[in-house]
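The values are calculated or read from the model by the stated rules, or taken from the named source; none is laboratory data. These numbers come from a predicted model, not from an experiment. With ideal geometry, Cβ positions are generated from the backbone for all residues, glycine too; neighbour counts draw on all protein chains shown.
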Amino acid sequence: MTETAPETDTDGSTDRIDLTDRDTATPDYDDAFDAVVVGAGLAGSTAALTMADEGLDVLLVERGRYPGAKNVFGGVLYTPTLRQLVDVDAAPLERYIAERRFGMLSDEDETAVSISPGEWHDPPHNDSYTVLRGEFDEWLAEQAVEAGATLVTRTTVTGLLREGDRVVGIETDRPDGTIRAPYVVLAEGGNSLVSEGADLKEKDRRENVAVGVKEVLEFPEREHAIEDRFRLTGDAGVSYHYFGEGAVGDAFGGGFIYTNGDTVSVGLAYRLSDAATSQPDPEGTLNAFKTHPAVAPLLRGARTVEYTAKTIPEGGADEIPELVHDGAVIVGDAAGLVLNNGLHLEGTNMAVESGYHAANAVASAAQRGRTDADALAAYREDLESSFVVENLERYEWLIERVQADRELLFEELPRAVADAGSEYFRMDRAPKDQHASTAKRELLRAVGGYTGAAKLAVRYRKLLS
Amino acid sequence: MSVEPGIPTVDNESIEDRLYTVKYEDPGDSHLDVTIPGICAEKCVTTDCVKVCPADVWREGEDGVPNIAYENCLECGSCRWACPHGNVEWEYPDTGAGVTYKNG
Ligand SMILES: Cc1cc2nc3c(=O)[nH]c(=O)nc-3n(C[C@H](O)[C@H](O)[C@H](O)COP(=O)(O)OP(=O)(O)OC[C@H]3O[C@@H](n4cnc5c(N)ncnc54)[C@H](O)[C@@H]3O)c2cc1C
Ligand code: SF4
Ligand code: SF4
């Protein structure tokens, strides 16, 4: 590919990078690369792998000691696209998701819905697995290296090289750490200092960013605590989602519990603007969530193995930046590709899908010897017709609605549903009829009577269409 | 023992113990700063940087300019967005220093 790629600078003396304490591969830096990928997260490693498969010489640059060292998610990894590219079954997976549960928490009650379709027990398990990013991201980057990519770690990209508007390489924090390459794939995650610094995207407003905190917990003195408490056998696992004031107070967001092999991940995420204005700090909110009466029994006797924090871009379809530039593309969280609306928290699948399409667009542009934005436009087009942009657009309205109705949905309704539930099932000597109508009355009152209920139904009908 | 009957106690570790679970390499210099201290001291009344930080890095300072315990930083980026005056200087610690997560 190097022969056809334009603008390849092989002048070693200025462009060579000193990476003596790299842990991976021993590349020959006299050969320039066709493409540089900034960040070995899910989007970056997928892009590197795909481009390497297409025959490109790829440099994958990661600031952590190893890929995954700086990364945090909930989390459930969604693998529909990844499965087409790598042997997912050989990856370090924790558990497949056999049950999803949605719990509405008022300050002391829970009302929950649980879904556990039998088919989730069968491969490919609805393509949903808990993983630990420290292990998984390293594995995925290794797959890219096996496909021929070169990985350097402990190297932070500090800026982009430009010739006019065109991106022609990267600057790093290594001595002489400048590398020219015809294509740069920006896969740096949501804290996208490089893309912003080069004016390829604007900094998000804090209303569009969520802060997430998470703990990985173990149960030192309780063998089988995870299997027993979450009713699991074999590799089955759960993903529990929580909303309402018992989860994140009056903030916009939610809490989660996921089961790993020998640990559980518990955490929450909510809007930064709420964290700044109304809600206690993230750590305090996490403490309250963990001690909620519906959550505490699941976590009793646990010890903290790791405490982590990270942000989520959640601006949705409206906030996707220009994805394609002369010599550069933006993928994954750096492009704001996360669906986070309460029902779904999906970014891993979007990171992989975008990395894949971007890589194919680069490979095809390289074949034509072009680096201009028009030649890379296939990336934007493919992404727009993929589930990524479709889903982000489809749920745009939901986020706006939920935001507008947040008091009702997160505070009043959870309380009313819990009250109605306890009324409906109340054990006393009054006839059930009477309980049922009191329960109905309480629910109706919360939503504003029959008219209110009808309006609410109309507002959310698209959920089912 | 449970304060409320029927609800088991969950021990929440202190922020110090929590941060202790994360491997950390000191980059030597702070990767965080405020751009114009005067804005913190005179203009800012909300200290949102302090409110959002999950790692107790930003602390109210006596002169109105926050103290920054950068070695607690989990590199989440929250303070960068939260400051309503765009007054947070935020860089990644050099060459992989800072936090290293094992699980993530
Ligand atoms: C609390 C939380 C819970 C979540 N839960 C889920 C979930 O359950 N399911 C789900 O699907 N999604 C979840 N997400 C979203 C998901 O984690 C992201 O969408 C996904 O990780 C994005 O992948 P990425 O490759 O784009 O970015 P990242 O995973 O952030 O990777 C970016 C990489 O670039 C590196 N990097 C950054 N800047 C530089 C630089 N300048 N130089 C060199 N390297 C750099 C980073 O170290 C990192 O390795 C969650 C997110 C959070 C924060
Ligand atoms: S929020 Fe911004 S301006 Fe206010 S104290 Fe913090 S850094 Fe300074
Ligand atoms: S990046 Fe996160 S952990 Fe670090 S100082 Fe800012 S808010 Fe605190």
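Here are the numbers for the structure shown:
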| item | result |
| --- | --- |
| Test result for residue A:371, in a strand (DSSP E or B) and modelled with pLDDT of 90 or more | no |
| Selection status of residue B:71, assigned to a helix (DSSP H, G or I) and either within 8 Å of chain A (Cβ to nearest Cβ) or under 16 Å from the mean Cα position of the chain (by Cα) (or both) | yes |
| Spans of strands (runs of 3 or more DSSP E) in segment A:76-183 with at least 1 residues within 28 Å of residue A:65 (Cβ to Cβ), within 16 Å of ligand 1 (Cβ to nearest atom) and within 23 Å of the chain's Cα centre (by Cα) | A:76-78, A:95-105, A:128-130, A:150-152, A:157-163 |
| Members of segment B:79-98 that are of a type outside the set (Phe, Trp, Tyr), within 14 Å of residue A:196 (Cα to Cα) and in a helix (DSSP H, G or I) | B:80 |
| Segment B:50-104, subset away from ligand 2 (no atom under 16 Å from the Cβ) and polar (S, T, N, Q), residue surrounded by the most Cβ atoms within 10 Å (Cβ to Cβ) | B:103 |
| Flag for residue B:45 being of a type in the set (A, V, I, L, M) and within 16 Å of ligand 3 (Cβ to nearest atom) | no |
| Flag for residue A:323 being closer than 29 Å to residue A:400 by Cβ, within 15 Å of ligand 1 (Cβ to nearest atom), not assigned by TED's automatic domain parsing to the domain that holds residue A:355 and not basic (Lys, Arg) | no |
| Candidate set from segment A:45-75 (those that are assigned to a loop (DSSP other than H, G, I, E, B) and away from ligand 1 (no atom under 11 Å from the Cβ)); member that is surrounded by the most Cβ atoms within 10 Å (Cβ to Cβ) | A:56 |
| Residues of segment A:277-301 satisfying the condition of being within 7 Å of another protein chain (Cβ to nearest Cβ), among the hydrophobic types (A, V, I, L, M, F, W, C) and buried (at least 23 other Cβ atoms within 10 Å of the Cβ) | A:299 |
| Residue A:237 being within 10 Å of another protein chain (Cβ to nearest Cβ) and within 28 Å of residue A:116 (Cβ to Cβ) | no |
| Selection count where residues are in contact with a Cys (Cβ under 8 Å, 6 or more places away or on another chain) and farther than 21 Å from residue A:155 by Cα, scope segment B:64-104 | 11 |
